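Some notes on the structure that comes next.
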Amino acid sequence: MQGQSLLHRGLSESVLEAIGDTPLIEVEEGIYAKLEYLNPSGSIKARIAKYIVEKAEREGLLLPGHTIVEATSGNTGNAFSMVAAIKGYRMVVLMPEGLSTERVAISRAFGAHIEHVGEFYVTEALKRARELGKKEGYFCPAQFDSEWNVEENREWLGKEILGQLEEGGVGAPDALVMGVGTGGTLIGVGQAFREKNAEAKLIAVEPEESCTLLCGESGVHKIEGISDGFVPGIYERHAERLGVDEVYAVGSEEALGAMRWLARRRGLFVGPSSGANLVAARRLKEAHPELKSIVTLFCDEGEKYISEHFAGEGRTLETGERA
Ligand code: PMP
């Protein structure tokens, strides 16, 4: 009961308690950004890692001595590796070659075992994770298909944003703009928004170079964390039923320009998908000036992309300048 007595004194038991309660800021007039990159492990994925691990423990699917295995383009691996480190599970991260070296290093730092499977897309890694997950002593969270991913985003992240908008006097949100990786955030937070405002617009975002949702074709792009090379199960099951209004395709270079702008003009050191979300939110505002509160999310921290996007001299000057 050491934990309880610590909590009683206003202290925390572990860094897991620092997940969530991230700031929501008005990044531009009428565009509100949820700063999910401030979560421990540096991304939005800390929430599903904590939520899914604790639910699996309660349901008896994850027991002491077990190994967690997940396919990921990086952030989910970092997040589950952190949670596994705290709770004493072994962690195996299956990820494709060719993603940011920082995210590999972060999972390693948390003590995870990394295996590279396939190139750029997680498709091959996914197959391996599913196979391993069926073995005795393994648990695979299956982020691309799991209803627990949707549930967390609706009940925790979605309701947290609604509470902040209410408290800040903004009221019910008019729209949500979010890049699709697993689709868990768009669908789960979207469900929470629609419960509050049935008219809320839901906009999915994907890279122009990999318009899997719009044109069924995947390609190489620079917006890591979204468009993993296939339509995820969560999106397939929910997008039509929930009524996703539109898919916006954003070019990689435009997303990177917006990412740099966010650091230089707003002090927000975030990754490319945050830039893509901002570009799409601006586009929605231009198309629909009547929307007074557009919510988007800044999903991971710029630190994870230093070697890729911030280290080269001169490259940081291409800001896609906008005052
Ligand atoms: N941005 C980044 C940086 C991510 O890591 C992810 C998750 N892969 C997303 C956006 C998309 O989130 P979701 O999986 O909930 O669609």
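Since every read-out is calculated from the coordinates, none of them should be taken as a lab result. This is a predicted model, so every value here is computed, not measured. Here the Cβ positions follow ideal geometry from the backbone for every residue, glycine too, while neighbour counts run over all protein chains shown.
Classify the chain as rounded, prolate or oblate from the Cα gyration tensor: take a ≥ b ≥ c as the square roots of its eigenvalues, call it rounded if a/c is under 1.5, otherwise prolate when a/b beats b/c and oblate if not.
Numbers: a/c = 1.44, a/b = 1.25, b/c = 1.15.
Rounded, since a/c falls under 1.5.
In vacuum, with every alpha carbon of the range 1-132 counted as one equal point scatterer, what does the Debye formula give for log10 I(q)/I(0) at q = 0.18 Å⁻¹? Two decimals, please.
-1.02
How many lysine pairs in the range 45-139, separated by 8 or more positions in sequence or lying on different chains, have Cα atoms less than 17 Å apart?
Qualifying lysine pairs in the range 45-139: 5.
Tell me the mean residue ellipticity at 222 nm calculated for the chain from its helices only (DSSP H runs of n ≥ 4, each -39500 (n - 2.57), averaged over every residue, nearest 500).
Result for the chain: -12000 deg cm²/dmol, rounded to the nearest 500.
Each residue of the range 64-78 in order: what ³J(HN,Hα) in whole Hz does its phi give by Karplus 6.51 cos²θ - 1.76 cosθ + 1.60, θ = phi - 60°, with x for Gly and Pro?
x, x, 6, 10, 8, 10, 9, 8, 7, 8, x, 5, 5, x, 4
To the nearest Å, what is the center-to-center distance of the range 150-206 and the range 60-95, using C-alpha atoms only?
Taking the Cα centre of the range 60-95 as reference, the centre of the range 150-206 is 27 Å away.
Amide H of Leu297: which non-local residues (sequence gap of 5 or more, or other chain) have their own amide H closer than 5 Å, using H built in the peptide plane?
Result for Leu297 returns Lys34.
Springs between alpha-carbon atoms under 10 Å, Gaussian network over the chain: tell me which of Glu97, Glu166, Glu303 tops the mean-square fluctuations.
Result for the chain, Cα springs under 10 Å: Glu166 fluctuates most.
Most mobile of Thr296, Thr22, Thr185 per a Gaussian network model of the chain (Cα springs, under 10 Å)?
Thr22
Can you run phi through the Karplus equation (6.51, -1.76, 1.60; θ = phi - 60°) for the range 295-305 and list ³J(HN,Hα) in whole Hz, with x for Gly and Pro?
9, 9, 10, 9, 8, 9, 8, x, 3, 6, 10
Under the Karplus relation 6.51 cos²θ - 1.76 cosθ + 1.60, θ = phi - 60°, what is the ordered set of whole-Hz ³J(HN,Hα) values for the range 91-105, x standing for Gly and Pro?
10, 10, 9, 9, 9, x, 5, x, 9, 4, 5, 4, 6, 5, 4
Can you give me the long-range amide H partners of Phe139? Hydrogens built in the peptide plane at 1.01 Å from N, cutoff under 5 Å, separation of 5 or more residues or another chain.
Thr67, Ile68, Val69
Using a Gaussian network model on the chain with a 10 Å cutoff between Cα atoms, which of His221, His113, His288 fluctuates the most?
The residue that fluctuates most here is His288.
By count of other Cβ within 10 Å, fewest leading, how are Leu63, Leu284, Leu278, Leu162 ordered? Numbers along the way, then the final one.
On the way: Leu63 11, Leu284 25, Leu278 29, Leu162 21.
Sorted ascending by nearby Cβ count, the order is Leu63, Leu162, Leu284, Leu278.
Run the numbers on the chain and let me know its relative contact order in percent, using alpha-carbon pairs under 8 Å that are six or more apart.
With pairs under 8 Å counted, the relative contact order is 18 percent.
Of the beta bridges DSSP finds with both residues in the chain, what % are antiparallel, to the nearest 5?
Given both bridge residues lie in the chain, the antiparallel proportion sits at roughly 15 percent.
Near the amide H of Leu268, under 5 Å away, which other amide H atoms are found, from residues 5 or more places off or on another chain, if H is placed in the peptide plane?
Amide H neighbours of Leu268, under 5 Å, 5+ apart: Ala263.
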